[in-house]
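Visitor: One structure is given below, represented as structure tokens, and several questions about it will come after.
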Amino acid sequence: MLEKALSGSKLYWTWLIALLVVVGAGFGAYLVQYNKGLMITGMSRDVSWGFYIAQFTFLVGVAASAVMLVLPYYLHHYKTFGRITILGEFLAIASVIMCILFITVDLGKPSRILNVMIHPTPNSILFWDMIVLNGYLIINLVAGWVTLESERKNVPPPGWIKFVIYLSIPWAVSIHTVTAFLYAGLPGRGFWLTAIMAPRFLASAFAAGPAVLILLGYLVKKLTRFDAGREAFETLAKIVCYAIILHIFFFLLEVFTVAYSAIPSHTSHLQYLYFGLHGHSMLVPWVWTALACGLTAIVLLVNPRTRQNPTILPIACVLVFICTWIDKGMAMISGGFVPNPLHEITEYSPTGLELMITIGVYAAGMLVLTILYKVALGVKAEEEAV
Amino acid sequence: MGVDRRKFLKLAGVSAALGLGGTAGFQLLKPGSLDAAERMPTPYQMVFPSEQGNSDVTPNPERLKGRRWGMLIDMRKLTPAKAQAAIEACNYYHNVPKIPGKQEIKWIWTAPYPNVFPETENRWADPDIKNAQFITMCNHCNNPPCVRVCPTKATFQREDGVVMMDMHRCIGCRFCMAGCPYGSRSFNFRDPRPFIKKEYPLYPTRTKGVVEKCTFCTERLAVGKLPYCSEASGGAMVFGDVDDAGSELRQLLRKRYSIRRKPNLGTDPQVYYLV
Ligand code: SF4
Ligand code: SF4
């Protein structure tokens with residue numbers, strides 16, 4: 001089936017080559033990091049995780065959100081999602097690959113990465129994160145590929161694939177829950193020490209992932225003849241709507257608990273993010289932008305008139321993306337590390353090289369996504385031509 | 001090393017209640033087995049031969065034996081000069097590099113009272129204490145979150161409570177840094193060697209990409225000596241066995257009031273401050 005990725009329009013090839021160039025640039029930047037160490041990043045003794053781990057956290061969410069298509073389609077036989085479920089699964093594959101790449105570029109000693117498997121350590125959440133991420137990758141590869149293959153051959157998918165697909169539903173929840181546990185169980189990090197971390201992660205994921213999918217759907221519709229169908233878009237938009245409301249609601253719950261209890265080790269982080277602390281306020285404009293985007297998106301998505309409008313919906317989706325990306329891709333990590341355990345403030349911002357590596361990983365993910373989508377859409381087109 | 005009857009009964013009861021059974025219970029039942037376990041070299045000992053260069057498995061008969069090591073810092077005795085001497089000794093003998101800026105390496109350093117004891121500071125405390133610079137280092141917690149989160153067991157706890165780092169196993173994920181509630185760990189963002197002013201040849205230097213911290217000078221304990229900082233502190237830093245009621249450390253703890261950093265987190269830090 002992969003041969004479908006080998007023939008395409010000029011635009012397709014230009015796009016692939018452009019992505020390859022960006023991946024190459026990112027790889028070049030990574031070689032510098034590999035040589036000099038993580039000193040080339042903006043990370044520090046106090047903020048010891050940065051952009052890489054933040055992007056990883058965000059993308060785990062995008063990966064998990066495939067369940068929002070799989071679940072209605074396979075569990076509730078919601079036929080409308082029939083045409084795009086595969087796009088969700090392939091988005092999940094590309095996202096998990098980016099997650100794994102981000103973890104790898106974040107390591108101080110990447111050559112020793114196998115130590116995680118050679119010395120399995122069940123008391124470390126990172127060990128479980130590795131298991132669930134790799135498991136999810138395999139599940140989606142198998143489920144996506146096998147269903148697509150049988151679709152192409154015009155035969156019903158084999159019976160056992162049902163089991164894999166059902167498995168993917170709790171598994172998707174697990175990847176984001178386990179990722180939340182990476183942070184949520186740490187003593188002395190007040191910002192992360194909250195039981196609502198996993199639900200918050202899931203809510204923002206179920207907003208961000210489907211929003212990305214809607215945008216991809218529009219793009220695919222523009223570039224190919226493939227149309228997921230109006231109803232599919234509308235249902236997805238409703239999912240985004242509920243999820244972003246939950247996301248903001250969970251955030252407000254957090255604000256109440258932290259502010260009303262007024263425990264300094266918990267309040268100081270939110271204070272740093274939203275108002276600045278002791279004159280340090282680098283993230284303040286960002287987090288307010290996120291909040292404004294989230295609230296605007298809610299207004300646009302709740303109202304059926306704007307939600308169903310094909311020009312406004314993509315705008316709302318972009319707003320949702322900005323809101324959730326700033327929330328997880330920037331604020332989540334710095335918010336936990338600033339102030340540090342000695343109540344000192346060291347701010348974090350990524351360096352140019354760090355950004356280049358980040359963009360390189362994103363380009364690699366898009367490359368995978370483009371190829372997978374090319375295959376999937378090729379099969380769909382063939383099928384429709386028959 | 002004997003376990004007295006009462007202690008044994010208590011520990012056996014607790015471990016049975018916790019369902020530990022297995023090794024822990026067994027070791028308590030047969031104190032001899034603990035000695036046997038003690039004779040086993042830790043991965044760290046295998047990798048880092050002791051100062052005298054004896055890398056063989058038989059332990060040095062001179063070594064200091066303790067069930068649970070701890071450090072006591074007497075803030076009435078700790079002058080800035082003594083603190084400085086302790087810090088310099090540690091840095092020199094462990095080849096701790098002096099890297100400027102926020103990617104620095106710190107094993108033992110000083111910080112003001114409100115930073116070392118955030119949320120517990122008392123505005124009206126004795127100004128001598130309030131304005132003092134406190135020594136801070138790894139607390140060698142009894143229940144160390146850094147060990148809990150490490151995905152490769154590169155951070156581990158020895159039988160005697162010392163929390164160690166295996167520099168050859170560390171993958172540099174920095175989870176332990178997020179896990180430590182005391183900011184006691186440092187990461188080698190770059191090759192530290194050019195930043196070592198004068199290298200001490202008997203202790204290994206580190207590479208880029210691994211985490212490091214205070215080790216309670218296990219290489220010194222192994223040859224029957226006290227940690228460098230304790231030795232250099234002019235009596236202000238007392239090292240000892242917190243499980244031994246007769247140790248100097250325990251006597252001081254009995255006589256004077258002591259505080260620990262963030263005791264509410266349940267990490268059970270083994271660095272005590274006499275105030
Ligand atoms: S002080 Fe930090 S590094 Fe030291 S044992 Fe405790 S948690 Fe681990
Ligand atoms: S115990 Fe040893 S390693 Fe730890 S701070 Fe003192 S001198 Fe340094």
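The values are calculated or read from the model by the stated rules, or taken from the named source; none is laboratory data. Computed from a predicted structure; not experimentally measured. Note that we place each Cβ from the backbone using ideal geometry, even for glycine, and neighbour counts take in every protein chain shown. Please note that ligands, DNA and RNA were not included when accessible areas were found on the heavy atoms of the full protein model with its side chains. Shrake-Rupley method; radii C 1.70, N 1.55, O 1.52, S 1.80 Å.
Visitor: Run the simple label-point estimate for B:Asp268 and A:Leu295 please: 7 Å along Cα→C-beta, distance reported in nm.
Guide: Computed distance between label sites B:Asp268 and A:Leu295 equals 4.9 nm.
Visitor: For the full complex of protein chains and a 1.4 angstrom probe, list A:Met43, A:Met282, A:Met68 by accessible area with the highest value first. Could you put the intermediate results ahead of the total?
Guide: Details: A:Met43 0, A:Met282 70, A:Met68 45 Å².
Putting A:Met43, A:Met282, A:Met68 in descending order of accessible area: A:Met282, A:Met68, A:Met43.
Visitor: For the stretch A:36-154, take N as its residue count and report Rg(C-alpha) divided by 2.2 N^0.38 Å.
Guide: Rounded to two decimals, the normalised Rg is 1.30.
Visitor: For A:Lys109, give me every one of the lysines with a C-alpha distance below 17 angstrom, ignoring sequence neighbours fewer than eight places off in its own chain.
Guide: Cross-link targets: A:Lys36, B:Lys153, B:Lys208.
Visitor: I would also like to ask the following. B:Cys180 accessible area, nearest 10 Å², 1.4 Å probe?
Guide: 10 Å²
Visitor: Something else now. At a temperature of 10 °C and a viscosity of 1.306 mPa s, determine how fast the protein assembly as shown diffuses translationally according to Stokes-Einstein, using the Kirkwood radius over alpha-carbon pairs as Rh; express D in µm²/s, rounded to the nearest whole number.
Guide: Here the translational diffusion coefficient equals 58 µm²/s.
Visitor: Which residues does a label at B:Leu202 reach in the stretch B:224-249, if reach means a backbone N under 19 Å from a point 7 Å past the Cα toward the Cβ?
Guide: B:224-233
Visitor: Just how large is the dipole of the stretch A:104-247 about the Cα centre, in debye to the nearest 20, putting +1 at every Lys and Arg Cβ and -1 at every Asp and Glu Cβ?
Guide: 160 debye
Visitor: How big is the dipole moment of the stretch B:118-172 about its Cα centre under a simple scheme where the beta carbon of each Lys and Arg is +1, that of each Asp and Glu is -1, and everything else is neutral? Debye, nearest 20, please.
Guide: Charge dipole, the stretch B:118-172, about its Cα centre: 300 debye, nearest 20.
Visitor: Given a 1.4 angstrom probe, I'd like the percentage of the accessible area of the stretch B:65-172 that is carbon and sulfur, rounded to a whole number. Write out the running numbers ahead of the final one.
Guide: Numbers: 2260 of 4410 Å².
Here carbon and sulfur together make up 51 percent of the probe-accessible area.
Visitor: For the stretch B:122-199, rounded, prolate or oblate, judged on the Cα gyration tensor with a ≥ b ≥ c (square roots of eigenvalues), a/c < 1.5 rounded, else prolate if a/b > b/c?
Guide: oblate
Visitor: Using alpha carbon centroids, what distance separates the stretch A:84-150 and the stretch B:155-171, in Å?
Guide: With the stretch A:84-150 and the stretch B:155-171 each reduced to a Cα centre, they are spaced 28 Å.
Visitor: I've got another one for you. Per residue of A:33-42, count partner chain C-beta atoms within 10 Å of its C-beta, then hand back the mean as an integer.
Guide: That works out to 4 on average.
Visitor: Hey, if you put +1 on the Cβ of every Lys and Arg and -1 on every Asp and Glu Cβ in the stretch A:273-386, which of A:Ala376, A:Met332, A:Pro350 ends up farthest toward the positive end of that dipole?
Guide: Result: A:Ala376.
Visitor: Helix A:230-261 sits at what angle to the longest principal axis of chain A, using alpha carbons and giving 0 to 90 degrees rounded to 10?
Guide: Long axis of A:230-261 versus the principal axis of chain A: about 10 degrees.
Visitor: Please work out the C-alpha center-to-center distance from the stretch B:195-261 to the stretch B:77-96 and express it in whole Å.
Guide: Computed from Cα coordinates, the inter-centre distance equals 11 Å.
Visitor: Here is a further query. Using all Cα-Cα distances in the stretch A:305-386, what percent lands in each 10 angstrom bin from 0 up to the longest?
Guide: 14, 21, 31, 21, 9, 3, 1
Visitor: Would you check the accessible area of B:Ser258, probe 1.4 Å, heavy atoms only, in square angstrom rounded to 10?
Guide: My reading of the accessible area for B:Ser258 is about 40 Å².
Visitor: Report the relative contact order of the stretch A:122-222, percent, no decimals, based on alpha-carbon pairs under 8 angstrom and at least 6 residues apart.
Guide: Details: 61 pairs, mean separation 24.4, N = 101.
Value for the stretch A:122-222: 24 percent.
Visitor: Something else about it: So what is log10(I(q)/I(0)) for the stretch B:48-179 at q = 0.11, 0.17, 0.18 1/Å, when the Debye sum runs over its Cα atoms only?
Guide: After summing over all Cα pairs, the log10 values are -0.54, -1.25, -1.35.
Visitor: If you don't mind, there's one more thing I want to ask. Can you give the direction-averaged projected area of the convex hull of the alpha-carbon atoms in the stretch A:1-91, in nm²?
Guide: Details: hull surface 37.3 nm².
With every direction weighted equally, the projected area is 9.3 nm².
Visitor: Something else about it: Which whole-Hz ³J(HN,Hα) couplings does the stretch B:78-94 yield from phi under the Karplus relation 6.51 cos²θ - 1.76 cosθ + 1.60, θ = phi - 60°, glycine and proline marked x?
Guide: After applying 6.51 cos²θ - 1.76 cosθ + 1.60, I find 7, 8, x, 5, 5, 4, 4, 4, 5, 5, 5, 4, 4, 4, 5, 6, 10 Hz.
Visitor: Round to the nearest 0.05 the FRET efficiency obtained for A:Ile263 and A:Ala195 when R0 = 22 Å and r is the Cβ-Cβ distance.
Guide: Details: r = 15 Å, r/R0 = 0.70.
For R0 = 22 Å, the calculated efficiency reads 0.90.
Visitor: Something else now. Which residue, chosen from A:Tyr362, A:Ser48, A:Leu38, occupies the Cα position most advanced towards the positive end of the dipole of chain A, where the dipole is computed from +1 (Lys, Arg) and -1 (Asp, Glu) charges on Cβ about the Cα centre?
Guide: Of the candidates, A:Tyr362 comes out farthest on the positive side.
Visitor: Using the Cα centre as the reference, give the magnitude of the dipole from point charges on the C-beta atoms of the stretch B:69-193 (Lys, Arg: +1; Asp, Glu: -1; all else neutral), rounded to the nearest 20 debye.
Guide: Details: 16 positive and 11 negative charges, 75 e Å.
Charge dipole, the stretch B:69-193, about its Cα centre: 360 debye, nearest 20.
Visitor: Helix A:125-153: angle to the longest alpha-carbon principal axis of chain A, degrees 0 to 90, nearest 10?
Guide: The helix A:125-153 is inclined about 10 degrees to chain A.
Visitor: When all protein chains stay in place, what accessible area (Å², nearest 10, 1.4 Å probe) is found for B:Lys77?
Guide: 100 Å²
Visitor: Per residue, what accessible area does the stretch A:68-187 have, given a 1.4 Å probe and all protein chains present, in Å²?
Guide: Averaged over the residues of the stretch A:68-187, the accessible area is 40 Å².
Visitor: List, in order, the whole-Hz ³J(HN,Hα) value for each residue of the stretch A:298-308 obtained from phi through the Karplus relation with A = 6.51, B = -1.76, C = 1.60 and θ = phi - 60°; use x for Gly and Pro.
Guide: Here the 3J(HN,Hα) series is 4, 4, 5, 8, 5, 6, x, 4, 6, 5, 7 Hz.
Visitor: In what sequence, largest accessible area first, do B:Asp241, B:Asp268, B:Asp128 appear using a 1.4 Å probe?
Guide: B:Asp128, B:Asp268, B:Asp241
Visitor: In addition: Ranked by accessible surface with a 1.4 Å probe, highest first, in what order do B:Asp243, A:Asp129, B:Asp126 come?
Guide: Accessible-area ranking of B:Asp243, A:Asp129, B:Asp126, largest first: B:Asp126, B:Asp243, A:Asp129.
Visitor: Round to the nearest 0.05 the FRET efficiency obtained for A:Glu234 and A:Leu75 when R0 = 30 Å and r is the Cβ-Cβ distance.
Guide: Given R0 = 30 Å and the Cβ-Cβ separation, E is 0.95.
Visitor: So which of A:Lys79/A:Lys221; B:Lys82/B:Lys225; A:Lys153/A:Lys221; A:Lys153/A:Lys238; B:Lys77/B:Lys102 end up more than 28 Å apart by C-alpha? Before the final figure, lay out each step's value.
Guide: Values: A:Lys79/A:Lys221 19 Å; B:Lys82/B:Lys225 19 Å; A:Lys153/A:Lys221 24 Å; A:Lys153/A:Lys238 34 Å; B:Lys77/B:Lys102 30 Å.
Beyond 28 Å: A:Lys153/A:Lys238; B:Lys77/B:Lys102.
Visitor: Could you list the trypsin sites (Lys or Arg not before Pro) in the stretch A:188-232 that lie in coil according to DSSP, counting only those with at most 14 other Cβ atoms within 10 Å of their Cβ?
Guide: Qualifying residues, ordered by number: A:Arg225.
Visitor: Now a separate question. Could you grab the relative contact order for chain A? Cα pairs under 8 Å, six or more apart, rounded to a whole percent.
Guide: Numbers: 518 pairs, mean separation 116.6, N = 386.
The value is 30 percent.
Visitor: Follow-up question, since we're still on this one. Could you work out the local net charge near A:Gly335, counting Lys and Arg as +1, Asp and Glu as -1, over the other residues with Cβ closer than 12 Å to its Cβ?
Guide: Residues close to A:Gly335 contribute a combined charge of -1.
Visitor: Oh, and also: Can you give me the three principal axis dimensions of chain A from its C-alpha atoms, in Å, biggest first?
Guide: That gives 68, 51, 40 Å along the principal axes, largest extent first.
Visitor: Using the Karplus curve 6.51 cos²θ - 1.76 cosθ + 1.60 with θ = phi - 60°, work out ³J(HN,Hα) for each residue of the stretch B:258-275 in order, rounded to whole Hz, and write x for Gly and Pro.
Guide: Listing the rounded values in order: 10, 10, 10, 7, 6, x, 5, 7, x, 7, 6, x, 9, 10, 10, 10, 8, 10 Hz.
Visitor: Then there's this: Under the rule of at least 5 residues apart or a separate chain, name every residue whose amide H is placed under 5 Å from the amide H of B:Val271.
Guide: Here B:Met71 satisfy the definition.
Visitor: Starting from the amide H of A:Gly42, placed 1.01 Å from N in the peptide plane, find each other amide H under 5 Å away whose residue is 5 or more places distant or on another chain.
Guide: A:Thr351
Visitor: Starting from the 7 Å offset along Cα-to-Cβ, what nm value, one decimal, do you get for the label separation of B:Thr120 and A:Arg83?
Guide: 6.4 nm
Visitor: Still on this model: Check the straight Cα-Cα distances from B:Lys106 and name the aspartates and glutamates below 14 Å, setting aside those fewer than 8 residues away within the same chain.
Guide: Leaving aside aspartates and glutamates fewer than 8 places away in the same chain, those within reach of B:Lys106 are A:Asp46, B:Glu88, B:Glu212.
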